[in-house]
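Accompanying notes for the structure given below.
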Amino acid sequence: MVKKISFIGLSLILFSCGTKIAVNDLATANPITAHLDLVNIDNDKVAVSIDPGRFVKDTVVYRLPRVVQGTYAVSDFGKYVEEVKGVDYQGNELNATKVDTNTWLFSEAKNLDKILYLVNDTFDQEIQGGIGEEVPFSPSGTNIEPKQVMLNLHGFVGYFDSLKNSAYRIGITAPESFNYTSPLQEVNSVQSEDGKTRKSVFLANRYFEVTDNPMMYGKTEVEEFMVGNIKIVLSVFSPNGVHSASEIKNTVNKMMLAQKEYLGDLDSTPRYDILLYLSDTAQEDAPKGFGALEHHTSTVVVLPEQMEAEALAESMIDVVAHEFFHIVTPLSVHSEDVHYFDYNAPTFSKHLWLYEGVTEYFAQHFQVYEGLIDHHEYYSRTTQKINTSRSNYEDAMSFTKMSENILESPYKENYANVYMKGALIGMCLDILMRENSNGNRSLLTLMKELSNKYGKDKPFVDDDLVKEITEMTYSAVGEFLNTHVVEGTPIDYDVFFEKVGLHFAEAEVETNYIQNAGNIIVGADPEKGVIKFNGLVANNSFWNDNGAQPNDVFKSLNGVEVSLANANQVFGEVFTWQPGKEIEVVLDRGGEEIVIKTTTTPSYTKANTLVENPETTQAQKELRDAWLKG
């Protein structure tokens, strides 16, 4: 689903089988034909035509999605559609009544030949008020520019209420120089007579497949390689050529080999697409919502182009690993709310702890289990999730109630806790599964069992899941789910860490240049309109050694003037700094200008963190080894 990357705390940051077809709506069962013109882009707008076939009804309703799977927020893609009109079979314009933001009613449907409209992109709109539910999260959004078009097709192609199970033929005409990739089946591709353009036609068996298969057109680099029996298609758009697909390929290949090993014999997919858009954050209209949105067999990722190669590789592992693990859930294990998704008035499952929390747990756990990171790094990440969850979110909130009401306050403000406490719920369940089975079963084996019971075509009943899991596992698992997930009783993590011989103790840990073990060391002063170091900077070895002090105000970073307006961009880049980077920071200390010009070195801080207990028993060590080493 959506995984957002929140670089700093300054304000930064699925399935639908549809309804049954009404046989009276269309005279024939021919596919709905859509066409997108990427050649004649005007003012970042794409002309779209929809040919639904001949209706036998007097009135039809056409919609663009209000909500798309995996975002858990209102996107209102109808906001970005202009000049909607119907055309009859003689070429005359038909009346289109706009019912609401995303809905148009055509009252002369028997004469309706085509629907025509223009689509504006969403990336440009992010400068108007920032990221939030008013603007689609970048990986679910659209980009329309001369060099690159991001086609999350739910932003371009809509649906008729009773025809979500109808097939679509999607034609796209683009400059011949454009590269393109899509997991959709390409059924035809023809070059124009003058050789300047190419029309490609793709087939989607139902509207769900339209929304589930993003495309990237333009000046993109493409790398294809095999990971076991999975074909990986990696598409990268780096507007200034800072990063290349060949550079990123090695990271993705190593990661996905480890994921395949971790998943074992779990059914997968023959092809998986990764569409990476690297945002030039120096540009005002560049996307700012960093993270990813998963689909069944692909993911769209948006990250800053300015990231150092090492930081980009680390982010790709965290983000893409999370999205790929969604082939476990919700692809193979999901509820009726997910299976029969309503894009206009969705209902939500109670089990975000499963879809997002367990997925995020797997995305972190596989890295230590398969040797991509060491135990100490895993302990540090776990500590940060606990601290972030407790300091930023409501710890006593029922996860099932939050999930079911995720579009409403106060639940939507706690959504991001699915990646913190949700992952910790997964960790606790994994330890319980291993403890109660003498190391023979795990959370992953439970997911495989659920996948075998249900699979991608059979949803579970939302209200029955906890009971079913209890019957399939142990009373301790059921008690945990009911107490901490359903009722919302805060988790005492010490109880679970004791089982595996871990405890919290103060230790020196490596940190970065914007945090101390997850705690932000800079803050905003809205009255003065500045960003400054807070008191925690004294405990960050790099800044302390270079003379930075609490309340020092940032004037510039590497030549870029710092303000509240660009804090996201500037400190998002600081988050990605690695040792060995040359920097120049200009500070204001009570009117005195302080210049720090140096090369970054590893930074450390003292923190209460998770460590191995020296008094661990043999039984605790064996359970820990089963958990972290297999």
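The values are calculated or read from the model by the stated rules, or taken from the named source; none is laboratory data. Note that this is a predicted model, so its numbers are computed, not measured. For neighbour counting, all protein chains shown are included, and Cβ atoms are generated from backbone atoms with ideal geometry for every residue, glycine included. Just so you know, the surface numbers come from the protein's heavy atoms only, side chains and all, with ligands and any DNA or RNA stripped out. Shrake-Rupley method; radii C 1.70, N 1.55, O 1.52, S 1.80 Å.
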> Full extension from ASN440 to GLU310: what is 0.36 nm times the residue separation minus their Cα-Cα distance, to one decimal in nm?
Replying inline: 43.1 nm
>> Using protein chains only and a probe of 1.4 angstrom, how many square angstrom of ASP58 are accessible, to the nearest 10?
In response: 90 Å²
> Given H placed on each backbone N at 1.01 Å, which residues far from LYS114 in sequence or on other chains put an amide H within less than 5 Å of it?
Replying inline: VAL87
> What is the local net charge at SER398, summed over the other residues whose Cβ is closer than 10 Å to its Cβ (Lys, Arg +1; Asp, Glu -1)?
Replying inline: -1
> Which GluC sites (Glu not before Pro) in the stretch 382-421 pass both tests, a DSSP loop state and at most 12 other beta-carbon atoms within 10 Å?
Replying inline: GLU408
>> Before I look further, what does the chain give for accessible area per residue, probe 1.4 Å, in whole square angstrom?
In response: 40 Å²
> At a Förster distance of 35 Å, what's the computed FRET efficiency of HIS375 paired with ASN179, Cβ-Cβ distance as r, to 0.05?
Replying inline: 0.25
> Out of these labelled values of volume of the Cα convex hull per residue in Å³, (1) 195; (2) 171; (3) 157, which was calculated from the coordinates shown here?
Replying inline: (3)
> Percent of accessible area on the stretch 496-630 owned by carbon and sulfur, 1.4 Å probe?
Replying inline: 45 percent
> Hey, got the dipole for the chain? About the Cα centre, +1 on K and R Cβ, -1 on D and E Cβ, debye to the nearest 20?
Replying inline: 1120 debye
> What are the ³J(HN,Hα) values, in whole Hz, obtained from phi via the Karplus relation 6.51 cos²θ - 1.76 cosθ + 1.60 with θ = phi - 60°, for each residue of the stretch 530-537 in sequence order, with x given for Gly and Pro?
Replying inline: 10, 10, 9, 5, 9, x, 5, 4
> Considering amide H positions built from the backbone, and no H for Pro or chain starts, which residues 5 or more places from ALA517, or on another chain, come under 5 Å of its amide H?
Replying inline: ASN512
> Accessible area, 1.4 Å probe, largest first: how do ASP492, ASP51, ASP462 sort?
Replying inline: ASP492, ASP51, ASP462
> Looking at the stretch 416-558, how many pairs of lysines come closer than 18 Å at the Cα, when each pair is eight or more places apart or spans two chains?
Replying inline: 7
> Label THR617 and GLN549 with points 7 Å out from Cα along Cα→Cβ: what is the distance between them in nm?
Replying inline: 5.4 nm
> So how exposed is LYS85, as accessible area in Å² (1.4 Å probe, rounded to 10)?
Replying inline: 70 Å²
> Using 1/(1 + (r/R0)^6) with R0 = 30 angstrom and r between the beta carbons of ASP625 and THR489, what's the FRET efficiency to the nearest 0.05?
Replying inline: 0.50
>> Computing the accessible area with a 1.4 Å probe over protein heavy atoms, can you report the carbon and sulfur percentage for the stretch 73-224?
In response: 41 percent
> Could you give the length gained on full extension between ILE520 and ALA345, defined as 0.36 nm per residue of separation minus the Cα-Cα distance, in nm?
Replying inline: 59.2 nm
> Of VAL46, THR511, GLN125, whose Cα points farthest to the positive end of the dipole of the chain (charges on the beta-carbon: +1 Lys, Arg; -1 Asp, Glu; origin at the Cα centre)?
Replying inline: VAL46
> Say each of ASP285 and SER189 gets a label point 7 Å from the Cα, pointing the same way as Cα to Cβ; how far apart are those two points in nm?
Replying inline: 2.8 nm
> Using 7 Å Cα-to-Cβ label points, what is the LEU116/MET472 separation (nm, one decimal)?
Replying inline: 5.3 nm
> For the charge dipole of the chain, defined by +1 on Lys and Arg C-beta atoms and -1 on Asp and Glu C-beta atoms about the Cα centroid, which residue among SER246, PRO304, THR598 has the Cα displaced farthest towards the positive pole?
Replying inline: SER246
>> If amide hydrogens are placed 1.01 Å from N in the peptide plane, which non-local residues have theirs closer than 5 Å to the one on PHE290?
In response: ILE5
> For ASP42 and GLU261, what is the calculated FRET efficiency with R₀ set at 60 Å and r taken between the beta-carbons, to the nearest 0.05?
Replying inline: 0.75
